[in-house]
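Just below is one structure, and these are the notes that go with it.
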Amino acid sequence: MEAFQLLVLLTCLISVAAAGSASRSKAKAMFVFGDSLVDAGNNNFINSIARANFAPNGIDFPNSAPTGRFCNGKIISDLLSDYMGTPPILPVLDPQAKGQNLLLGVNFASAGAGILDDTGTIFIQRLTMTDQFRLFRKYKSDLAAVAGASAAAKLISDGIYSFTVGGNDYINNYLLLFAQRARQYTPSQFNALLIATLRNQLKTVYSLGARKVTVSNMGPIGCIPSQLQRSSRAGECIQELNDHALSFNAALKPMIEGLNRELKGATFVYVNSYDILNEYIQNPSKYGFQYTNMACCGQGSYNGLLTCTGLSNLCSDRTKYVFWDAFHPSESINRLITNRLLNGPPSDLSPFNVKQLIAMST
């Protein structure tokens with residue numbers, strides 16, 4: 001019976017591919033953990049003030065739909081699904097995330113989430129990493145009911161996993177006014193806490209069956225419009241904030257390399273998001289951008305105050321902007337980053353790029 005269920009599973013994965021656009025080897029389930037950079041709409045279904053399910057968010061998404069993605073269009077997971085020729089994976093809390101849709105994988109990410117569970121409390125509710133793992137365990141049970149135990153286990157082990165988390169732990173935790181964590185820890189101690197906690201989380205997802213996992217380092221948080229409007233004098237990046245990210249990244253890479261040595265059959269990929277995004281910020285004209293320190297949608301200095309709403313300033317040409325809103329990149333940037341993820345050299349991500357990772361068998 002389970003052999004038959006496995007055949008059905010593989011057939012379904014292939015049948016959802018866009019006609020002629022993906023081979024069987026490309027169709028892999030995808031599992032996304034993280035924060036608002038990769039949230040596909042989970043916060044639509046919880047009591048959170050961190051939401052994007054209203055216009056003009058999604059203005060360049062198919063049908064101009066404001067789906068809850070913090071972007072004018074597609075986010076990276078959507079573009080990776082396009083590459084594999086499959087429909088975009090659903091948010092795990094979406095009522096449609098059931099039955100055959102589970103075979104594609106799901107998105108657990110939530111705006112406001114951080115490595116630490118106390119990050120993002122200012123948003124009232126968010127799916128913490130503990131919540132995201134709880135939902136992954138439930139997903140595994142639901143998947144087994146749909147596909148059978150053996151087929152589900154194979155889909156889980158063959159899947160592509162991503163972790164994009166950490167920026168909120170500074171912006172919406174440690175660096176907040178009167179933050180308790182800042183009173184408890186020096187910057188180096190806080191950094192060590194984040195790395196140790198993330199290491200345990202990666203070991204947890206491994207214990208739950210993940211074998212191919214990309215882990216993004218922290219981007220240049222001192223260059224995002226939300227931080228520029230707070231303390232940048234002339235639109236320049238805030239080096240003190242970028243130094244927090246660089247310190248985190250310096251500790252993350254050897255931690256990832258250690259997990260690859262320690263955990264049998266694991267492939268953890270270190271993604272150099274900092275340098276990738278910084279390249280577009282520092283050399284915008286080379287890639288067709290005009291605005292690197294001004295969000296397309298927002299208000300206040302650099303359009304960096306609060307979130308993008310129907311009352312915000314809105315640019316007319318989103319392709320000229322690195323940032324869609326105060327915190328998040330535009331679809332144009334997401335497309336460039338996705339191409340780097342798929343095809344990039346070891347300086348972008350190592351030990352493999354995502355195209356190589358998808359082609360690997362477990």
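Computed from the coordinates by the stated procedures, all read-outs in this text should not be read as laboratory data. These figures come from a predicted structure and were not determined experimentally.
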Too long at a 24 Å Cα-Cα cut-off: which of Lys253/Lys286; Lys98/Lys203; Lys154/Lys264? Lys253/Lys286; Lys98/Lys203
How about Lys212: which aspartates and glutamates have a C-alpha closer than 12 Å to its C-alpha, ignoring those fewer than 8 places off in the same chain? Asp158
Per the helix-only model, the chain has a calculated mean residue ellipticity at 222 nm (DSSP H runs of ≥4, -39500 (n - 2.57) each, divided over all residues, rounded to the nearest 500) of -12000 deg cm²/dmol
Amide H contacts of Leu349 (H built 1.01 Å from N, under 5 Å, at least 5 apart or other chain): Asn272
Relative contact order, percent, the stretch 89-163 [alpha-carbon distance under 8 Å, six or more residues apart]: 24 percent
Spatial separation of Cα centroids for the stretch 70-122 and the stretch 195-234, in angstrom: 16 Å
Which residue fluctuates the most in the chain, going by a Gaussian network model with Cα springs under 10 Å, if the choices are Asn278, Asn191, Asn217? Asn278
Any idea how far the Cα center of the stretch 284-300 sits from the one of the stretch 311-362, in Å? 15 Å
Note on the chain: alpha-carbon gyration tensor, axes a ≥ b ≥ c; rule is a/c under 1.5 for rounded, else prolate if a/b larger than b/c, else oblate; result prolate
Have a look at the DSSP beta bridges in the chain and tell me what percent are antiparallel, nearest 5. 25 percent
